[in-house]
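Following: one structure in structure tokens, then a few remarks.
The values are calculated or read from the model by the stated rules, or taken from the named source; none is laboratory data. For clarity, every value in this text was computed on a predicted model and none was experimentally measured. Here the Cβ positions follow ideal geometry from the backbone for every residue, glycine too, while neighbour counts run over all protein chains shown.
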Amino acid sequence: MKKKFKLSDLFYNNRFLLVFSVIVAVGFWLFASIEFAAVITETKTNIPVQIDYKKIEENFGLKPFGETDFTVDVTVSGQKYVVDADDIVDDIVVTTSTVVSSPGTQTLKLDVSTKSERPGYNIIELSDDEIEVYFDYPKTKEFLVEAEIDISESSVADGYHLGDYIFQEADKVSVSGPEIQVNKIEKVVASAVVDGLLTENTTVDAALSVITKDGSGVNYIKFNRQSESIQITLPVYKISTLPVECSFVNIPSEYINEFPFEVKIEPSTAVFGIPEKKLEGIDGIDIYTIDFSELRPGVNTFDVPASDISGVVMLDGTERFTVTVDTGNVVSSILEVPLNIEFNNLPSGMTAELVNLSFTHMTVCGPKESLDKLTKDSMVLVANLENTDDSAKGEIAVPVTLSSGDCWSYGSYIATVRLS
């Protein structure tokens with residue numbers, strides 16, 4: 001019986017295996033030779049452009065603004081195994097050949113080279129032959145911010161008044177950028193739109209922007225702050241006509257419950273703008289505080305600028321108030337002072353002792369019969385430590401007044417006190 005031929009039997013034949021191996025090896029060699037020896041053209045993308053900004057700044061003081069990182073595509077040709085190598089991108093160097101020595105937009109010519117002396121590939125072309133970079137001298141300038149709030153008069157309810165805008169932060173802002181651009185700025189404004197009927201304070205986020213002298217735009221500037229908006233409060237006041245009054249401090253003990261002197265204020269009433277929530281329980285506006293040490297015998301006159309009154313705005317044009325205090329039959333006398341002294345408003349946990357007085361006599365005011373009864377032993381000096389820092393130690397200067405029934409000291413007196 002004839003034996004059936006099987007292809008697998010050939011691989012048990014040494015001569016066949018030798019011939020087959022030679023054919024396969026030659027095939028692989030031919031494939032590799034054709035594949036890797038072939039000259040190809042390929043584009044390498046995003047090759048960075050190297051610009052020596054530091055050298056430009058050192059030599060000419062110029063800095064780049066706007067886009068500073070550039071890339072180009074480079075087309076190369078060569079044998080496939082060279083062109084396909086991963087390190088070819090790192091071997092390509094793109095630089096600029098233009099010298100920058102003046103401000104403005106500069107067109108920089110591009111040069112391409114290789115790190116390798118014999119790279120084994122050719123550079124065919126660049127996707128860009130030049131780039132544009134803006135150079136200038138850096139400048140920072142501070143501007144006062146002007147509020148530009150879009151609000152109509154009808155937005156404020158009847159019986160209310162819109163006051164001057166209040167900046168919750170500083171009303172100044174610094175702007176940095178190219179000198180040419182910064183010099184074009186005339187002012188910085190904060191803009192916002194307010195809708196609805198206003199009866200109370202409203203705070204808005206106002207966007208910062210610049211206005212130039214010629215109306216043109218600016219480029220590459222920045223506000224030197226975290227946010228490009230600023231908070232502005234629109235204060236809304238209730239219009240109120242109220243009487244005015246004044247208050248007193250360091251009042252002699254006998255006058256606390258029954259004030260004996262005539263007090264007049266001109267004008268006696270005024271039209272104020274007051275936050276509505278503060279109007280509850282208010283019968284009048286306290287415009288001034290008088291220390292009894294400012295009162296002497298006779299008529300005392302105090303001039304109070306309306307602009308000094310806090311928490312309100314004047315709406316009737318009043319610029320000043322005149323306060324007169326007539327102490328009547330009070331007289332004054334210069335008396336020798338004692339060394340015994342009391343301390344008022346001593347910070348908790350601290351002790352105080354008198355070091356010395358800057359005076360030996362003081363002017364004392366009061367009814368004649370009361371002054372006649374005053375003696376050095378019956379007089380009591382009071383050192384007021386109200387404005388003393390809780391952490392204060394050592395010797396400090398504090399104001400001193402007289403405390404004695406219906407009498408008081410006129411003028412300013414200082415004592416040196418040791419705190420511990």
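Some observations on this one:
Rundown of residues vs (1) closer than 22 Å to residue 362 by Cβ; (2) touching a Cys at 6+ places or on another chain (Cβ under 8 Å); (3) without any contact (Cβ under 8 Å) to a residue 12 or more places away in the chain, yes/no style:
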residue: 262; (1), (2), (3): no, no, no
residue: 265; (1), (2), (3): no, yes, no
residue: 270; (1), (2), (3): no, no, no
residue: 320; (1), (2), (3): no, no, no
residue: 328; (1), (2), (3): yes, no, no
residue: 334; (1), (2), (3): yes, no, no
residue: 337; (1), (2), (3): yes, no, no
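- Cross-chain or 6+ apart pairs with Cβ under 6 Å, the stretch 53-68 first and outside the structural domain of residue 180 (by TED's automatic domain parsing), then part of a helix (DSSP H, G or I): 62/56; 63/57; 64/53
- Residues that are out of contact with any Leu (no Cβ under 7 Å at 6 or more places or on another chain), over 16 Å from residue 344 (Cα atoms) and either assigned by TED's automatic domain parsing to the domain that holds residue 299 or in a strand (DSSP E or B) (or both), drawn from the stretch 366-407: 366, 395
- In the stretch 249-294, counting only strands (runs of 3 or more DSSP E) that sit wholly within it, the ones holding 2 or more residues that are closer than 30 Å to residue 381 by Cα and either modelled with pLDDT under 90 or over 41 Å from the mean Cα position of the chain (by Cα) (or both) span 262-266.
- Residue 268 falls short on exactly one of the conditions (1) assigned by TED's automatic domain parsing to the domain that holds residue 366; (2) over 29 Å from residue 407 (Cβ atoms), and that condition is (1).
- The residues on offer are 56, 47, and the sole one that is hydrophobic (A, V, I, L, M, F, W, C), closer than 19 Å to residue 177 by Cβ and not in a loop (DSSP other than H, G, I, E, B) is 56.
- Within the stretch 100-148, the residues that satisfy the criterion of being closer than 30 Å to residue 164 by Cα and surrounded by fewer than 18 Cβ atoms within 10 Å (Cβ to Cβ) are 140, 141, 142, 144, 146, 148.
- In the stretch 197-218, residue farthest from residue 182 (Cα to Cα) [restricted to those that are loosely packed, with under 14 Cβ neighbours inside 10 Å and not small (Gly, Ala, Ser)]: 197
- Yes/no for residue 375 being farther than 25 Å from residue 254 by Cα and out of contact with any helix residue (DSSP H, G or I) (no Cβ under 6 Å at 6 or more places or on another chain): no
- Within the stretch 168-221, being in a strand (DSSP E or B) and farther than 20 Å from residue 147 by Cβ holds for 176, 177, 178.
- When the test is whether a residue is farther than 30 Å from residue 160 by Cβ, exposed (fewer than 12 other Cβ atoms within 10 Å of the Cβ) and modelled with pLDDT of 95 or more, residue 326 does not pass it.
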